Amino acid sequence: MKTPCYLLDEAKFERNLKILAGVRRRAGVKILLAQKAFSCFPLYPLIARYLDGTTASGEHEARLAHEEMPGRENHVFNPAFTEQEMRSIVKWCDHVIFNSVAQWRRFRGFPRLPSAGLRVNPGYSEVEHEIYNPCAPGSRLGVPRDRLCAADLEGLEGLHFHSMCEQGADVLQRTLAHFERLFGEFLPRMKWVNFGGGHHITRRGYDVALLVRILKDFRRRHPWLEVYLEPGEAVALDAGTLVTTVREVLDYDIPVAILDASAECHMPDVLAMPYRPSIVGAGAPGEKRRTYRLGGPTCLAGDVIGDYSFARRLKQGDVLVLRDMAIYSFVKNNTFNGIPLPSIALRAKNGRIRVLREFSYADFKSRLGPA
Ligand SMILES: Cc1ncc(COP(=O)(O)O)c(C=O)c1O
């Protein structure tokens, strides 16, 4: 296989999807794929067998879902829609979620507007990284309770909140208590409510039974409401790897291996979060005989994936497999330094590997000027 390459695993997707479908069935809720985390559309037919549809972050993802998951629910949220975007969105989407009262006022009379909802800020989040915390002071995401009055909601059918990131059902329980305390008075006039993403449902050890209890309890108290969850990560969690080759090894004080994959270009959350990907056969620094700093092939000094130890010396041509690389990876890729984009391949359930997409110089050039 040519590297770098994201290798998706159909069986692992199906495992995740079965867990999500179980929640959907047992709790009587609807579950959407948040395309921002994963939008490799050749997998959409499989995802559509288990979930209710998708949610989009804007016009392009909404169009992708319309084209590649036809006939399923198509929701969209954006912090600030433009009129030109809205003209497309009303053709493709059945639910649109506004981020502010100003946006709702602006678009409420828009021709053929689908079921409209408002994102609110529940004023509570347990997310530690500020960059991923939509409830951090000064947040632009969701209307704070003190900026909302009943008259603003005239004509809206849904409320939406999103304030979690890779978290358990216990966090949803606490968040929901805040949401209901602040916004519960508005629920009787709504048709649906959306609890956003960040539910790490397919993670080992996630308390699925507690989630089902919370959702059923909420539905018992609000039987007229359709309840949505829109996880991204949970759909593709641990369902893909990034396969990369060692280009060069430098025998410095801290030995360095330069890979053909870059943290900056191909796994930006490693730097933003920051988090440390797990690598097949590698351990923590010092745990195995040889420790290396793994870096990318760009000019950025900080393009470093981390320090890892291996049982034997690394050499040029060695192949490394980074785990859990299907989410927030190729959706965020860039071609900084002209570094080629990794190809995307799928291992089918029968073990056969099919390359879904390879990228070339043309993909780099076409983003920078006239074709
Ligand atoms: C509004 C909204 N919904 C859903 C998600 C998906 O979250 P996750 O991939 O953590 O489940 C996000 C992630 O940022 C989001 O902003």
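Only the coordinates and a few stated rules stand behind these numbers; no lab work does. Source: prediction; values computed, not measured. FYI the Cβ positions are ideal-geometry reconstructions off the backbone, even for glycines, and counts take in every protein chain you see.
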- How do H160, H199 rank when sorted from fewest to most other Cβ atoms within 10 Å of their own Cβ? H160, H199
- Would you please give the FRET efficiency between M1 and I131, computed as 1/(1 + (r/R0)^6) with r the Cβ-Cβ distance and R0 = 30 Å, to the nearest 0.05? 0.35
- How many percent of Cα pairs in the stretch 20-66 exceed 16 Å? 35
- Note on the structure: For the pair R140 and R108, the simple spin-label estimate (label points 7 Å beyond Cα toward Cβ) gives in nm 2.4
- What is the pair-distance distribution P(r) of the stretch 213-371, computed from all Cα-Cα distances in 5 Å bins starting at 0, with each bin given as a whole percent? 2, 8, 14, 18, 16, 13, 9, 6, 5, 4, 3, 1, 0, 0
- Task: Can you figure out the FRET efficiency of D94 with A348, using R₀ = 22 Å and their beta-carbon distance, to the nearest 0.05?
- Result: 0.10
- Task: Please give the calculated 222 nm ellipticity per residue for the chain, where each DSSP H segment of at least 4 residues contributes -39500 (n - 2.57) and the sum is spread over every residue; nearest 500 deg cm²/dmol?
- Result: -7500 deg cm²/dmol
- Query: So how far apart, in nm, are the two label points at A151 and D318 if each is 7 Å from Cα heading toward Cβ?
  - Reply: 6.9
- If the cut-off is 20 Å between C-alpha atoms, which aspartates and glutamates fall inside it for K365, apart from same-chain ones fewer than 8 positions away? D260, E264
- Return S360, S139 ranked ascending by Cβ neighbour count within 10 Å, so the fewest neighbours appear first. S360, S139
- Query: Can you pull the percent of Cα pairs in the stretch 258-336 with separation above 17 Å?
  - Reply: 43
- By count of other Cβ within 10 Å, fewest leading, how are H129, H266 ordered? H129, H266
- Note down the nm distance, to one decimal, between modelled labels 7 Å out along Cα→Cβ at A11 and at D269. 2.4
- Mind checking which aspartates and glutamates have their Cα closer than 16 Å to the Cα of K12? Skip sequence neighbours fewer than 8 apart in that chain. E233, D238, D324
- Task: Along each of the three principal axes of the Cα atoms of the stretch 87-183, give the extent in whole Å, ordering the values from largest to smallest.
- Result: 41, 28, 23
- About the Cα centre of the stretch 1-107, how large is the charge dipole given +1 on each Lys and Arg Cβ and -1 on each Asp and Glu Cβ? Please answer in debye to the nearest 20. 360
- Note on the structure: Over 23 Å (Cα to Cα) among K2/K315; K36/K91; K36/K191 -> K36/K191
- Note on the structure: Residue separation between R221 and A362 times 0.36 nm, minus their alpha-carbon distance, gives in nm 45.2 nm
- Please report, in cubic angstrom per residue, the volume enclosed by the convex hull of the alpha-carbon atoms of the stretch 1-90. 122
- Message: I need the Debye-formula profile for the chain: one equal scatterer per C-alpha, no solvent, reported as log10 I(q)/I(0) at q = 0.06, 0.13, 0.15 1/Å, two decimals.
- Response: -0.25, -1.09, -1.34
